[in-house]
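Right, one structure below, let's go through it.
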Amino acid sequence: MPPPVFRFAPSPNGYLHLGHAYSALLNFDLAQASGGRFLLRIEDIDTIRCKPEFEAAIYDDLAWLGITWEQPVRRQSEHFAFYREAIERLSAEGLAYPSFESRAEIARLVARREADGPWPRDPDGAPLYPGEAKSMSSAARKRLLESGEPYALRLDMTAACARTGELGWIEGGRGADGETGEIAARPQAWGDVILARKETPTSYHLSVVIDDALQGVTEVVRGWDLFWSTSVHRMLQGLLGLPQPAYRHHRLVRDTAGAKLSKSTGATGLRELRAGGALPADIRRLVGLA
């Protein structure tokens, strides 16, 4: 029987913080304890926010923590062709369509819908897509595409659910509300999710399931904040005929106010802690991995 394969997949759009350290160390420890493999993947599909200096810092911080990984490291920006092939397949099967509204236009549409009552939102709290691009005539769609109009390519969730039927997964950890064991997937709760944009040829949801399959990842160990994203990932795996890894969602490392650590809110980075004299053992203690 082949060894289990774990992975840590950060985005180089900022410096790693304690939350990243916990996830990386947990995956590495589990791989070591099970005689498995540990992979590092750089999720740099956002070619504007992702920077070489942040990527270099990821390697430096992980090595300082005592984590080793297999080479070569997979960088998503080098594999856009794989994601494009999957998108073309979904489009050819009538499961994807372009929508042309800007973010501001979508916000206005949602505001108008909410004049009649609350508009549904996804598990992350974002409003579901409120537009009608799915029903646009093929001639109008072709005209907009040929004109170079910006667009987002969306999954037709209704058609996708009809194609796959009911899905689920066995949760080896637990969700933020204690969900564990056999979990029924709820991809429809996300609405018509974005698969790609004109300027970004893939999305997190699409690239992560393709990469996990291509890299032979068997164990996905990640934070509670991605628990319900697994519903979308199971949907895409079903549509594309990709294998299902085992899933285990772990607790989040939070600040003193109880908020999730985030690059966007300026969470203290590992580099700052190192500069202040912290040792790898101190990081393990701070994240509860003595």
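The values are calculated or read from the model by the stated rules, or taken from the named source; none is laboratory data. Quick caveat, the model's predicted, so the values are computed rather than measured. We place every Cβ from the backbone using ideal geometry, glycine too, and count neighbours over all the protein chains shown.
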(request) Scan Leu95, Leu145, Leu128 and give me the residue that is at pLDDT below 95, out of contact with any Ser or Thr (no Cβ under 9 Å at 6 or more places or on another chain) and under 21 Å from Thr200 (Cβ atoms). (result) Leu145
(request) Check Ile48 against each of (1) under 20 Å from Pro245 (Cβ atoms); (2) modelled with pLDDT under 95 and name the one condition it does not meet. (result) (1)
(request) From the list Glu78, Glu105, pick out the single residue that is under 19 Å from the mean Cα position of the chain (by Cα) and among the acidic types (Asp, Glu). (result) Glu78
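Just name the residue that is nearest to Phe100 (Cα to Cα) out of those in segment 197-253 that are of a type in the set (Phe, Trp, Tyr) and in a helix (DSSP H, G or I). Write out each step before concluding.
Step one: of segment 197-253, the residues of a type in the set (Phe, Trp, Tyr) are 204, 224, 227-228, 247.
Subset that is in a helix (DSSP H, G or I): 204, 224.
Details: Tyr204: 20, Trp224: 32 Å.
Here the residue is Tyr204.
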(message) Condition check: among the basic types (Lys, Arg) and either within 17 Å of the chain's Cα centre (by Cα) or under 24 Å from Glu78 (Cα atoms) (or both). Does Arg197 satisfy that?
(response) yes
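Which one is nearest to Tyr129 (Cα to Cα) among residues in segment 154-174 that are out of contact with any His (no Cβ under 6 Å at 6 or more places or on another chain) and assigned to a loop (DSSP other than H, G, I, E, B)? Show your work before the answer.
Kept after step one, since they are out of contact with any His (no Cβ under 6 Å at 6 or more places or on another chain), are these residues of segment 154-174: 154-172, 174.
Still in the running and assigned to a loop (DSSP other than H, G, I, E, B): 156, 165-167, 172, 174.
On the way: Asp156: 11, Gly165: 22, Glu166: 22, Leu167: 22, Gly172: 31, Arg174: 28 Å.
It comes out as Asp156.
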(message) Being buried (at least 19 other Cβ atoms within 10 Å of the Cβ) and either in the same structural domain as Arg121 (by TED's automatic domain parsing) or among the small types (Gly, Ala, Ser) (or both) is the requirement here; does Ile183 meet it?
(response) yes
